[in-house]
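**Q** Structure below; questions to follow.
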C-alpha cells in the first residue's frame, strides 16, 4: 500500500507543476473535452454504475443511499452540464490585485495561484468525482480523489474519462488520480503526507470528517455540523418570517444549511408561534420546544415535546425543529455563538441597526438578514459549483468554489530600485 501511495503522490506532485502553468484556454479546452467524454459514454457509465447499485442492494443499503448512488440519464446530463458551465466561470489564476506604489518606487501587489495538490475524500455520490475534478482542474490544481467503496466501479470508469480528456489537450493524465483500492489504509496515508498533498477536503458524514480532522497532518478544509439558527426579532415583518422560516426548515431536510433551531423574541410568541408551528406541523415537522414556547403550543393544542439540552446542539437532518424563546437579540446572539456550529445563521428584522449588529456579532461562516439559510450554497452565491462549505477561519470560509481552491503570493514590480 505504501509503495502504491508513493507512486500516486509523486505523480500528483509532478502533474501539479505542469497544470499550474496551464492557461485559461488550455483548461477550458480540457473541460470541453471532459464534457464530450461524458456525453459520449453515458451508456458505459450506467453499466458500471449498475454494478455498484447491485452490490449496494446485496448489502441491504437503504433506499435513500441507493438513490444517492444511482446515476440516471438526467443525473449524467446534469454532471456533464456542470462541467460545461464551469467553462464560463472566470479563471482566478494569475489575477493580480492590490497593487500599490511604495515610496521607494516599487509596486507591491498579490497574484492568485493554485494550492497545488488537493486530496478529496468523499462518500457515495459518484457525481462528486466529476464536480471535484473539474473544480480542481479549472483552479489549476492536481487532484487525488478517494470515493466511497460503494461507488468503486463508477468512479474507476470516470477516472478513464478524465484521463482521456487530459491527454486530448496534452496535459498529464496524472493531474487527476482516483484511488483504485478500497483499503482504508490509503486514507491514513493521504492525510499524513504533506510532501504530496497540500490540502485535504473531506465530504461526507460527521464520523468521516472527525476521523480525518483528528488524523491529518495536512491542512483540512471542512465542516463538522450544520447547526443553523433563524432568529425572529420583535421588529421582524411576520408575513416575511412565515415564508422564510418554513423554507429554511422544509424546503429540504438533509442539507447542512437547513435550519435546526428557531429562536423567537419573547414578545412575538403569541402573535407568531401558533400559526408558524401549525404550518410546520402540517408538513410533518416535530417540534421540540423550551418551557415557554411549549406552554403556548399546548394552549393551542399544537403537538410538541419539551426540548433537552442536547436539542440545542443537535443537527437533525430530519423533520425535527428545536424552538426557543429569547429575551432579546443579544440573547439570541449568545445562544447562537454558544450552541451553533458557525455554519449559517439568520436574523429576521426590519431594524437596520439590529441587522448590522447581528452581522458583526454572530461568529459564523455565513450570516444572513431576512433570507432562508438554504441560500448558503456555492451556486446560489454565484460561485458555480462548490466543493463544500467550510466553517474554518483559515484559509477559506463558507462555500468553497474556484477562488477557495487558490492562495495568493506577493509580487513586486520594480524599475531597477535598490533598498536604501
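The values are calculated or read from the model by the stated rules, or taken from the named source; none is laboratory data. A quick note: this is a predicted structure, and the numbers were derived from the prediction, not measured. Quick reminder, even Gly has a Cβ in these numbers, built from the backbone with ideal geometry, and neighbours come from all protein chains shown.
**Q** Given the conditions (1) over 20 Å from residue 225 (Cα atoms); (2) in contact with a strand residue (DSSP E or B) (Cβ under 6 Å, 6 or more places away or on another chain), which single one is not true for residue 249?
**A** (1)
**Q** Mind checking which residues of the range 153-170 are in contact (Cβ under 8 Å) with a residue 60 or more places away in the chain and either assigned to a helix (DSSP H, G or I) or surrounded by 22 or more Cβ atoms within 10 Å (Cβ to Cβ) (or both)?
**A** 153, 154, 156, 157, 158, 161, 162, 164, 165, 166, 168, listed by residue number.
**Q** Determine, yes or no, whether residue 199 is surrounded by 24 or more Cβ atoms within 10 Å (Cβ to Cβ), in contact with a helix residue (DSSP H, G or I) (Cβ under 9 Å, 6 or more places away or on another chain) and more than 30 Å from residue 43 (Cβ to Cβ).
**A** Details: surrounded by 24 or more Cβ atoms within 10 Å (Cβ to Cβ): no; in contact with a helix residue (DSSP H, G or I) (Cβ under 9 Å, 6 or more places away or on another chain): yes; more than 30 Å from residue 43 (Cβ to Cβ): yes.
In short, no.
**Q** With respect to residue 54, is the statement that it is over 21 Å from the mean Cα position of the chain (by Cα) and either closer than 30 Å to residue 170 by Cβ or outside the structural domain of residue 139 (by TED's automatic domain parsing) (or both) true? Give the steps one after another, and end with the answer.
**A** Working: over 21 Å from the mean Cα position of the chain (by Cα): yes; either closer than 30 Å to residue 170 by Cβ or outside the structural domain of residue 139 (by TED's automatic domain parsing) (or both): no.
No, not satisfied.
**Q** Go through the residues of the range 70-77 one by one and say whether even a single one is under 30 Å from residue 410 (Cβ atoms) and either assigned by TED's automatic domain parsing to the domain that holds residue 153 or modelled with pLDDT of 95 or more (or both).
**A** Within the range 70-77 (the criterion being under 30 Å from residue 410 (Cβ atoms) and either assigned by TED's automatic domain parsing to the domain that holds residue 153 or modelled with pLDDT of 95 or more (or both)), the answer is no, since none of the residues qualifies.
**Q** Could you please give the count of residues in the range 138-161 that are more than 14 Å from residue 187 (Cβ to Cβ) and in contact with a helix residue (DSSP H, G or I) (Cβ under 7 Å, 6 or more places away or on another chain)? I'd like the intermediate steps shown before the answer.
**A** Let us first name the residues in the range 138-161 that are more than 14 Å from residue 187 (Cβ to Cβ), namely 138-143, 150-161.
If we keep only those that are in contact with a helix residue (DSSP H, G or I) (Cβ under 7 Å, 6 or more places away or on another chain) too, we end up with 138-143, 150-155, 157-158, 161.
Of the residues in that region, 15 qualify.
**Q** Which members of the range 367-379 meet the condition of being free of Cβ contacts under 8 Å to residues at least 40 places away in the same chain and out of contact with any helix residue (DSSP H, G or I) (no Cβ under 8 Å at 6 or more places or on another chain)? Working first, answer last.
**A** Let us first name the residues in the range 367-379 that are free of Cβ contacts under 8 Å to residues at least 40 places away in the same chain, namely 367-369, 378-379.
Within the range 367-379, 378, 379 qualify.
**Q** Taking residue 103 as the residue in question, decide whether it is under 23 Å from residue 203 (Cα atoms) and assigned by TED's automatic domain parsing to the domain that holds residue 154.
**A** Working: under 23 Å from residue 203 (Cα atoms): no; assigned by TED's automatic domain parsing to the domain that holds residue 154: yes.
No.
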